[in-house]
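Enquirer: I'd like to ask you about the structure that follows.
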Amino acid sequence: MNKKINYTITFCLFLVAVFNGIAQSTIKQKPIIQTKYTADPAPMVHNDTVFLYTSHDEDDAKGFKMIDWLLYTSTDMVNWTEHGVVASLKDFSWVKPDNGAWAIQCIERNGKFYLYAPMHGQGIGVLVSDSPYGPFKDPLGKRLIEDNHLWNDIDPSPFIDDDGQAYLYWGNPDVYYVKLNKDMISTSGEIVKEPTKPKNYQEGPWMYKRKGHYYMSYASTCCPEGIGYAMSNSPTGPWEYKGMVVEASEKTRGNHPGIIDYKGKSYVFGHSYDLLKRETTTFYERRSVDMDEIIYNPDGTIQTLPYWSVDGPKAVGTINPFKRVEGETMAWSEGVKSDATTEKGVFVTKIDNNDYIEVQAVDFNKGAKRFQVSAASIKGGKIEIRLDTKEGELLGVCDIKSTGGLGTWKEFNSKIKKIKGVHNVVFVFKGGGASLFNLDWWMFK
Ligand code: FUB
């Protein structure tokens, strides 16, 4: 290679590095799930818990590469616990299982949980379970929706009105709806193509009723997509466009809404590419679910958010550290991944030197003096237990010795400085090299 070409390549690489550095250093938002790429948030409040069903972009996805759906729960809206794969294309015997697990939504009726799932190009199916955690089974063994626009049948959103009538809404680029029977796995009457499709509707209808108003929110404008919404006096329209819940932003591309009320506050969930952008400036379909609090005006309209805030919402609950807390419960993390086995369930893995997990709003109450953790390890390493931030006060260090393998679990404990009150806790992992240990659960005493 001659010198001139060499200099030119070096200069270009330098520019790319500077651009990457600038792009990555400007990403301050913190998507709520970091161990996997997640999309199409479908939050459901059941009893005192938010169940967040998501679709799942594979780590090596370039375009849409989606084969299963994930479940996360929270009782405080800042810490999310992963429950792993809650359903997959393989749960539908009539579906090609290689791709197309798009946006699902779950709804409860009479103690049963109905998960409506689009398999892109193959139609909309429904799975049923006695528990929001699954296992979900296909009661029909065939599509729920039969029509002549299979390709457009995506993003099903179930809704049950106060009079008990249930509906299913879906579609791109049109909105369709049909009545569901009480069994929730059969339809009644004709499929209707909504004649008053709201302005800028793209896809992803999210139907709900609040204080007597019917709402349809949806991926709005293209591209980029924000989250728009329309209101009506009836579940079947006419729909009147009311504006944006979250503005379309150049920071993102696709979007998909989920809206709930929980513990006296209201929240919108949607997409960002902010996790991907921390790693690369190249665009891939590797999305992340983010969320924020929203405020309703007295007339039921919604105050628009410009984009996801940097800090996210405040905690509306606390973590009890005197009971086992799953390692995969986190408000934020860097570096680590999650995995699962049938025996162990979900655990934290790929823990390298300086990776960390932050858990917010941990209520130490009258005081904790010891830390205990279940880990499995070949090399071993250390867990620094820090207060409030990654650089915060060091409460103690727990040594994780080799257990003889990443599948052999043992408990380790260490003394810590006495701590009281409500704090964020940050576990900073230290050791030589990569994959120091796996982590199942922790607690304080
Ligand atoms: O995630 C695949 C598709 O992208 C969804 O079904 C749409 O809503 C869009 O988010």
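Since every read-out is calculated from the coordinates, none of them should be taken as a lab result. Treat the numbers as computed from the prediction; the structure is a model and nothing was measured. Note that we place each Cβ from the backbone using ideal geometry, even for glycine, and neighbour counts take in every protein chain shown.
Enquirer: To test your reading of the geometry: what angle, between 0 and 90 degrees and rounded to tens, separates the Cα axis of helix 3-25 from the longest principal axis of the chain?
Expert: 70
Enquirer: Still on this model: Search the structure for amide H atoms under 5 Å from the amide H of Glu58, placed 1.01 Å from N in the peptide plane, and list their residues when 5 or more places away or on another chain.
Expert: For Glu58, the qualifying residues are Lys65.
Enquirer: I need the calculated FRET efficiency for the pair Asn353 and Cys222, taking r as the beta carbon distance and R₀ as 56 Å, to the nearest 0.05. Provide the component values of the computation, followed by the final result.
Expert: Numbers: r = 43 Å, r/R0 = 0.76.
Approximately 0.85, to the nearest 0.05.
Enquirer: What distance in nm separates the simple spin-label points at Glu146 and Lys199, each placed 7 Å from Cα in the Cβ direction?
Expert: With each label point 7 Å from Cα toward Cβ, the separation is 4.0 nm.
Enquirer: Relative contact order of region 3-294: what whole-number percent is it, with Cα pairs under 8 angstrom and at least 6 residues apart?
Expert: Numbers: 742 pairs, mean separation 49.0, N = 292.
Relative contact order here is 17 percent.
Enquirer: Let me ask you something else. With a ≥ b ≥ c the root eigenvalues of the C-alpha gyration tensor of region 275-388, is it rounded (a/c under 1.5), prolate (a/b larger than b/c) or oblate? Intermediate results must be reported in sequence, preceding the final value.
Expert: On the way: a/c = 2.30, a/b = 1.37, b/c = 1.67.
Taking the square roots of the gyration eigenvalues as a ≥ b ≥ c, region 275-388 is oblate.
Enquirer: Taking region 385-426, which trypsin sites (Lys or Arg not before Pro) meet the DSSP loop condition and have no more than 13 other C-beta atoms within 10 Å? The partial results should precede the final answer.
Expert: Details: sites: Arg386, Lys390, Lys401, Lys410, Lys415, Lys417, Lys418, Lys420; in loops: Lys390, Lys401, Lys420.
Counting only loop positions with at most 13 other Cβ atoms within 10 Å, the trypsin sites (Lys or Arg not before Pro) in region 385-426 are Lys401, Lys420.
Enquirer: Ok, one more. Quick one: order His423, His271 by neighbouring beta-carbon count within 10 Å, fewest to most.
Expert: Details: His423 20, His271 27.
Ranked by crowding around the Cβ, least crowded first: His423, His271.
Enquirer: How large is the Kirkwood hydrodynamic radius of region 123-267, counting all unique pairs of alpha carbons, in Å?
Expert: Hydrodynamic radius (Kirkwood, Cα pairs) of region 123-267 is 16.0 Å.
Enquirer: What base-10 log of the normalised intensity I(q)/I(0) is obtained for region 3-294 from the Debye formula, alpha carbons as equal point scatterers, at q = 0.14 Å⁻¹?
Expert: The Cα Debye sum returns log10 ratios of -0.99.
Enquirer: So which GluC sites (Glu not before Pro) in region 375-429 end up in coil per DSSP with only 12 or fewer other C-beta atoms within 10 Å?
Expert: Working: sites: Glu384, Glu391, Glu393, Glu411; in loops: Glu391, Glu393.
Those that pass, being in a loop and sparsely packed, are Glu391, Glu393.
Enquirer: What distance in nm separates the two pseudo spin-label positions at Gln372 and Lys112, each 7 Å out from Cα along the beta-carbon direction?
Expert: Those two pseudo-labels are separated by 4.2 nm.
Enquirer: Sticking with this structure for a sec: Would you give the gap between the C-alpha center of region 275-340 and the C-alpha center of region 124-197, rounded to a whole Å?
Expert: That distance is 28 Å.
Enquirer: May I ask you to evaluate 6.51 cos²θ - 1.76 cosθ + 1.60, the Karplus curve with θ = phi - 60°, for each residue of region 147-161 and list the ³J(HN,Hα) values in order in whole Hz, giving x for glycine and proline?
Expert: Values, residue by residue: 7, 10, 9, 3, 4, 8, 7, 10, 6, x, 10, x, 8, 10, 7 Hz.
Enquirer: Could I have the simple spin-label model distance between Lys314 and Thr49, label points 7 Å from Cα toward Cβ, reported in nm to one decimal?
Expert: About 2.7 nm separates the two model spin labels.
Enquirer: List the chymotrypsin sites (Phe, Trp or Tyr not before Pro) within region 359-445 that fall in a DSSP loop (any state other than H, G, I, E or B) and whose Cβ has at most 16 other Cβ atoms within 10 Å. Intermediate results must be reported in sequence, preceding the final value.
Expert: Working: sites: Phe364, Phe371, Trp409, Phe412, Phe427, Phe429, Phe437, Trp441, Trp442, Phe444; in loops: Phe364.
For chymotrypsin sites (Phe, Trp or Tyr not before Pro) across region 359-445 that sit outside H, G, I, E and B with at most 16 neighbouring Cβ atoms in 10 Å, the list is empty.
Enquirer: Skipping prolines and chain starts, which residues have an amide H placed within reach, meaning under 5 Å, of the one on Phe437, given they are 5 or more residues away or on another chain?
Expert: When sequence neighbours closer than 5 places are left aside, the close amide H contacts are Ile351.
Enquirer: With the Cα gyration tensor of region 222-323 in hand, convert its eigenvalues to equivalent ellipsoid semi-axes via √(5λ) and list them largest first in whole Å.
Expert: Details: eigenvalues 128, 101, 24 Å².
Equivalent-ellipsoid dimensions as semi-axes: 25, 23, 11 Å.
Enquirer: P(r) for region 358-432, please, calculated from all Cα pair distances in 5 Å bins and given in %.
Expert: Bins of 5 Å from zero give 4, 16, 24, 25, 15, 11, 5, 1 percent of pairs.
Enquirer: In addition: Is region 77-144 rounded, prolate or oblate when judged by the Cα gyration tensor, a ≥ b ≥ c being the square roots of its eigenvalues, rounded requiring a/c under 1.5 and prolate requiring a/b larger than b/c? Intermediate values should be presented prior to the final figure.
Expert: Values: a/c = 2.02, a/b = 1.35, b/c = 1.49.
Verdict is oblate for region 77-144.
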